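Novice: Sharing a structure here in structure tokens format.
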Amino acid sequence: MKRLIGSVLLGSLFAAPIAANATPVLVLDADTHQVLVQEDAGVPWYPASTTKLMTAFLTFEALRDGEISLSTPVTMTKKSVSEAFLESGLSQGQAMTLEDALYAMIVASANDVAMAVAERVGHGEAPFVEKMNEAARRLGMTGTHFSNPNGLFDKNNYTTARDLAILGLAIEQQFPQFQNFFQVSAVSINGKEIPSNNLLLTRYRGTTGMKTGFLCASGRNFVGVARRDNRRLMVVVMGATTERERNERSAKYLDEGFEGRLPPSFGTVESIANRPEVKPEDMRVRLCTNQSVQYEASREAMYPMGLPGQPSYLNDEIPGIVHRITTWQNEAAAADVPLPSPRPVENNAPRN
């Protein structure tokens, strides 16, 4: 009987949701994969626009395999322009090169362009999403399921900090030739400048990427990499309340890692266990309702850095890089006429 009671209690502990104020964090050495900080890194979370890391990964694979080139046209379709994103100003029939589309998707986090890229690379959203999940299985992202290419809210689009780190490491290791897409701090689409939400690019020395994300359901997420003194660290922060919190916490973790104050003591990132028995936390009530003021105040008390009178970890001033995009009109697509798929190209080398 005692054994039965103990088993029930143990099961209830493992099935329990994460604490109300807990949000996932993961800091690791990007070269050795040794974990320096780990808090709920295996707990499912809504990825928001960090989903676009997988969309980029599959696009890089297609470029490597010669299926497309950086000059391949990407046309805004009826489906893509219906995706929620107000900043790009793009309409059905406008086209840009795949190179420019990658900058718009990664830097500006353009949901409409991410959908257009998925439709072009995967010959449709549904087959592309299948490829996303196949790639997740291939990479060992055992706590991840994708349902769209841009990260707009869907209860079946979830991941973990562990899995995002594994994805980020795969991009870093397999596609160093495409790192430039993650280092740009703003894009200009037909003269309209859209800054990246990755403030570390211009305020934290050594930052080389990668991707931010925000939904009311997820809070503010970040996968970032920085290099100092021949050492590369990766930080994953999920569920931050404000951009200040996300940016300052990320920089603080990186500082502590580079200064040797975070010794490796959790094994490798691959050894972290995902927790499929836990449901993704839905942050909408805390972040986007009348409860948000109280919740934000509690988070400011936990993470005051960068607030007036408090020290900041974002003290560097680094010139930003702006990538300029000019579109053209694809009349056939504007008329909603299906376009033939071009033949695969042989040369997929990135342009300088």
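Novice: Ordered by packing density, taken as the mean number of other Cβ atoms within 10 Å over each peptide's residues, highest first, how do 243-250, 32-39, 147-154 rank?
Specialist: 243-250, 147-154, 32-39
Novice: Divide, for the range 39-127, the radius of gyration over alpha carbons by 2.2 N^0.38 Å, where N is the residue count.
Specialist: 1.11
Novice: If one takes the longest principal axis of the Cα atoms in the chain, at what angle in degrees, from 0 to 90 and to the nearest 10, does the Cα axis of helix 111-122 lie?
Specialist: Approximately 70 degrees, to the nearest ten.
Novice: Tell me the mean residue ellipticity at 222 nm calculated for the chain from its helices only (DSSP H runs of n ≥ 4, each -39500 (n - 2.57), averaged over every residue, nearest 500).
Specialist: It lands at -10000 deg cm²/dmol.
Novice: Would you mind checking the pairs Lys78/Lys155; Lys131/Lys252; Lys192/Lys252; Lys79/Lys192 and listing those with alpha carbons more than 28 angstrom apart?
Specialist: As for pairs spanning more than 28 Å Cα to Cα, those are Lys131/Lys252; Lys192/Lys252.
Novice: Which shape class applies to the range 68-114: rounded if a/c is under 1.5, otherwise prolate when a/b exceeds b/c and oblate if not, where a ≥ b ≥ c are the square roots of the Cα gyration tensor eigenvalues?
Specialist: It is oblate, given that a/c is not under 1.5 and a/b is not larger than b/c.
Novice: While we're here: Which whole-Hz ³J(HN,Hα) couplings does the range 125-132 yield from phi under the Karplus relation 6.51 cos²θ - 1.76 cosθ + 1.60, θ = phi - 60°, glycine and proline marked x?
Specialist: 5, 4, x, 5, 4, 4, 5, 4
Novice: Which of Val43, Val322, Val225 ends up with the largest GNM mean-square fluctuation for the chain, with Cα atoms connected below 10 Å?
Specialist: Of Val43, Val322, Val225, the most mobile in the Gaussian network model is Val322.
Novice: Also: Taking Rh as the Kirkwood radius, which is the inverse of the mean 1/r over Cα pairs, what is the Rg/Rh value for the range 211-297?
Specialist: 1.03
Novice: Tell me the angle of helix 292-302 to the major Cα principal axis of the chain, expressed in degrees between 0 and 90 and rounded to the nearest ten.
Specialist: 60 degrees
Novice: Residues of the chain: accessible area per residue at 1.4 Å, in Å²?
Specialist: 44 Å²
Novice: Shape of the range 131-231 from its Cα gyration tensor (a ≥ b ≥ c, root eigenvalues): rounded if a/c is under 1.5, otherwise prolate when a/b > b/c, or oblate?
Specialist: oblate
Novice: I would also like to ask the following. Can you give me the angle between helix 243-258 and the longest principal axis of the chain, using Cα atoms only, in degrees from 0 to 90, rounded to the nearest 10?
Specialist: Result, in degrees: 70.
Novice: Provide Rg and Dmax in Å for the range 185-234, with only Cα atoms included in the calculation.
Specialist: Over the range 185-234's Cα set, Rg and Dmax evaluate to 13.0, 39 Å.
Novice: Accessible area, 1.4 Å probe, largest first: how do Tyr303, Tyr46, Tyr158 sort?
Specialist: Per-residue accessible area, sorted high to low, gives Tyr158, Tyr303, Tyr46.
The values are calculated or read from the model by the stated rules, or taken from the named source; none is laboratory data. What you see is a predicted model, and the numbers here were worked out from it, not measured in a lab. With ideal geometry, Cβ positions are generated from the backbone for all residues, glycine too; neighbour counts draw on all protein chains shown. Accessible surface is based on the protein model in full, side chains and every heavy atom, while ligands, DNA and RNA are left aside. Shrake-Rupley method; radii C 1.70, N 1.55, O 1.52, S 1.80 Å.
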